[in-house]
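K.L.:
Structure below; questions to follow.
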Amino acid sequence: MLFAERLKAHQNAVEGRLTKLLGEAGSGPAAPGRLAEAMRYATLSGGKRFRPFLVIEAAALFGVPQRQALNTAAAVECIHCYSLVHDDLPAMDDDDLRRGRPTVHKAFDEATAILAGDALLTIAFEILSQPATHPNPEIRAELVFGLARASGWRGMAGGQMLDLAAERVLQDMDGIRKIQAMKTGALIEFSVDAGAILGRASAAEREALRTYARTIGLAFQVADDLLDAEGSPEHVGKATGKDARAGKATLVSLIGLSQARENLRALGNEAIDALKPFGSRAAILKEAAHFVTHRRS
Ligand code: GRG
């Protein structure tokens, strides 16, 4: 199956699982309908579902079928969607457009957007702790630990804090890399590691995958910076040109467009190299690295 078809198949499966999980969340008498509606608005219909794709494909490397990786994939996407909802708030990036539609605080209101983000963050752990995610509680605990680390103060939330400060502080390459690794890289890294955890990969296999994931995480952010600098809102589905307007330090502002493109190419090659121990079994993950370095949205 071609990469695009495989991505589409996983997108549909993840959409189905999220619809089910978020349907259940909103169906009880205790769940306010407006909050459930905002959570579904933030999560369903849209997005590349790249992180769930990584969970499913990394797990598949160890023979785990798609259906057994779907809860974990859905949990990661809930965290990702929460981060987008909060990132778009007036107190952060103040964006009106996300995935080609009004952002959650525009479609609902600010308080509902904050609560929808909070509830998506917490439901991710509710999902991971369910026996349906994995029958072995040790595996579930490892997933909970990994996702909490990747999302919290030493991962995505910490990276967001540093990123907000980067609008005022001059950054060098190391500083920018650190922000990228935490803000965007940590969740991408966990997505791949989650597949390895589900597949009970060996320590050496996990380490090789970690190198791959760290590299595509960096590449993903460089591609995002290039899209912000060069893309149009119609294609990207969100406002562009924001980094330059905010005077934010990014790789593009530091080394320029052409060197950033070169950097992206090099990261793509490095990611593919890291997959060597898996041979042809990792063909689809190699294509994922290509997808990241050539993405247009
Ligand atoms: C608010 C705690 C908190 C964190 C926010 C992820 C994030 C941190 C902010 C999003 C802003 C941003 C543009 C980050 C750069 C890379 C990125 C995460 C892009 C959006 O992810 P995609 O391209 O989006 O996977 P889709 O819509 O395809 O899911």
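K.L.:
Consider region 183-226. How many of its residues are of a type in the set (D, E), within 15 Å of the ligand (Cβ to nearest atom) and either touching an Asp or Glu at 6+ places or on another chain (Cβ under 7 Å) or more than 18 Å from R296 (Cβ to Cβ) (or both)? Before the answer, list the steps.
P.N.:
Applying the first criterion (of a type in the set (D, E)) to region 183-226 yields 189, 193, 205, 207, 224-225.
The next check asks that each one be within 15 Å of the ligand (Cβ to nearest atom); those that pass are 189, 224-225.
Those left that are additionally either touching an Asp or Glu at 6+ places or on another chain (Cβ under 7 Å) or more than 18 Å from R296 (Cβ to Cβ) (or both): 189, 225.
Here the count works out to 2.
K.L.:
If I255 meets every condition in (1) more than 15 Å from A213 (Cα to Cα); (2) surrounded by 19 or more Cβ atoms within 10 Å (Cβ to Cβ); (3) among the aliphatic types (A, V, I, L, M) apart from one, which number is that one?
P.N.:
(2)
K.L.:
Which of the residues spanning region 98-114 are out of contact with any Gly (no Cβ under 9 Å at 6 or more places or on another chain), touching a residue at least 40 places away in the same chain (Cβ under 8 Å) and surrounded by fewer than 19 Cβ atoms within 10 Å (Cβ to Cβ)?
P.N.:
Step one: filter region 98-114 for residues out of contact with any Gly (no Cβ under 9 Å at 6 or more places or on another chain), giving 102-103, 105-114.
With touching a residue at least 40 places away in the same chain (Cβ under 8 Å) added as a condition, the list becomes 107-108, 112-113.
Passing the criteria: only A107.
K.L.:
Examine region 267-276 for a residue that is modelled with pLDDT of 95 or more, more than 23 Å from R177 (Cβ to Cβ) and surrounded by 14 or more Cβ atoms within 10 Å (Cβ to Cβ), and state whether such a residue exists.
P.N.:
Checking region 267-276: not a single residue is modelled with pLDDT of 95 or more, more than 23 Å from R177 (Cβ to Cβ) and surrounded by 14 or more Cβ atoms within 10 Å (Cβ to Cβ).
K.L.:
Across region 66-97, which residue is surrounded by the fewest Cβ atoms within 10 Å (Cβ to Cβ) among those that are of a type in the set (D, E, K, R) and under 17 Å from the mean Cα position of the chain (by Cα)? Reasoning before the result, please.
P.N.:
Here is the first cut: in region 66-97, the ones of a type in the set (D, E, K, R) are 67, 77, 87-88, 93-96.
So of that shortlist, the ones also under 17 Å from the mean Cα position of the chain (by Cα) come out as 77, 87-88.
On the way: E77: 27, D87: 18, D88: 24.
Once the filter is applied, the top-ranked residue is D87.
K.L.:
Give the residues of region 67-88 that are of a type in the set (S, T, Y) and more than 15 Å from the ligand (Cβ to nearest atom), sorted by residue number. Show your work before the answer.
P.N.:
We begin by selecting, within region 67-88, every residue of a type in the set (S, T, Y); these are 72, 82-83.
Within region 67-88, T72 is the sole residue that qualifies.
K.L.:
Something else: Give region 38-61 a look and list any residue that's over 16 Å from E189 (Cα atoms), surrounded by 22 or more Cβ atoms within 10 Å (Cβ to Cβ) and either polar (S, T, N, Q) or within 11 Å of the ligand (Cβ to nearest atom) (or both), or say none.
P.N.:
Those that are over 16 Å from E189 (Cα atoms), surrounded by 22 or more Cβ atoms within 10 Å (Cβ to Cβ) and either polar (S, T, N, Q) or within 11 Å of the ligand (Cβ to nearest atom) (or both): A42, T43.
K.L.:
Among the residues of region 109-142, what is the count of those that are in a loop (DSSP other than H, G, I, E, B) and among the small types (G, A, S)?
P.N.:
Quick first cut of region 109-142, residues in a loop (DSSP other than H, G, I, E, B) only: 109, 129-136.
Okay, now just the ones that are also among the small types (G, A, S), so 129, 132.
Counting residues in region 109-142 that are in a loop (DSSP other than H, G, I, E, B) and among the small types (G, A, S) gives 2.
K.L.:
Also: Any residue that is more than 14 Å from the chain's Cα centre (by Cα), at pLDDT 95 or above and within 27 Å of R17 (Cβ to Cβ) - is there at least one of those in region 212-231?
P.N.:
The answer is yes, given that some residue of region 212-231 is more than 14 Å from the chain's Cα centre (by Cα), at pLDDT 95 or above and within 27 Å of R17 (Cβ to Cβ).
K.L.:
Counting just the residues of region 193-212 that are over 15 Å from A60 (Cβ atoms) and of a type outside the set (S, T, N, Q), which one comes out surrounded by the most Cβ atoms within 10 Å (Cβ to Cβ)?
P.N.:
To start, the set of residues in region 193-212 that are over 15 Å from A60 (Cβ atoms) comprises 202-204, 206-208, 210-211.
This time we only want the ones that are of a type outside the set (S, T, N, Q), so: 203-204, 206-208, 210.
Values: A203: 8, A204: 9, R206: 18, E207: 14, A208: 20, R210: 15.
If we take residues in region 193-212 being over 15 Å from A60 (Cβ atoms) and of a type outside the set (S, T, N, Q), then A208 is surrounded by the most Cβ atoms within 10 Å (Cβ to Cβ).
K.L.:
Among the numbered conditions (1) under 20 Å from the mean Cα position of the chain (by Cα); (2) farther than 22 Å from E207 by Cα, tell me where A260 comes up short.
P.N.:
A260 satisfies every listed condition except (1).
K.L.:
Okay, next question. Give the residue, chosen from A229, A239, that is in contact with a Pro (Cβ under 9 Å, 6 or more places away or on another chain), within 16 Å of the ligand (Cβ to nearest atom) and either among the small types (G, A, S) or within 30 Å of E205 (Cα to Cα) (or both).
P.N.:
Details: A229 fails: in contact with a Pro (Cβ under 9 Å, 6 or more places away or on another chain).
Selected residue: A239, the only one of A229, A239 that is in contact with a Pro (Cβ under 9 Å, 6 or more places away or on another chain), within 16 Å of the ligand (Cβ to nearest atom) and either among the small types (G, A, S) or within 30 Å of E205 (Cα to Cα) (or both).
K.L.:
Sticking with this structure for a sec: Any residue in region 165-182 that is over 20 Å from T250 (Cβ atoms) and away from the ligand (no atom under 16 Å from the Cβ)? So that I can check it myself, show each step before the final result.
P.N.:
Let us first name the residues in region 165-182 that are over 20 Å from T250 (Cβ atoms), namely none.
No; the residues of region 165-182 include none that is over 20 Å from T250 (Cβ atoms) and away from the ligand (no atom under 16 Å from the Cβ).
K.L.:
Okay, next question. Out of the residues in region 94-107 meeting the condition of being out of contact with any Pro (no Cβ under 9 Å at 6 or more places or on another chain) and assigned to a helix (DSSP H, G or I), tell me which one is farthest from Q160 (Cα to Cα).
P.N.:
A107
The values are calculated or read from the model by the stated rules, or taken from the named source; none is laboratory data. Model, not experiment: these values are computed from the prediction. Note: ideal-geometry Cβ built from the backbone for every residue, glycine included; neighbour counts use all protein chains shown.
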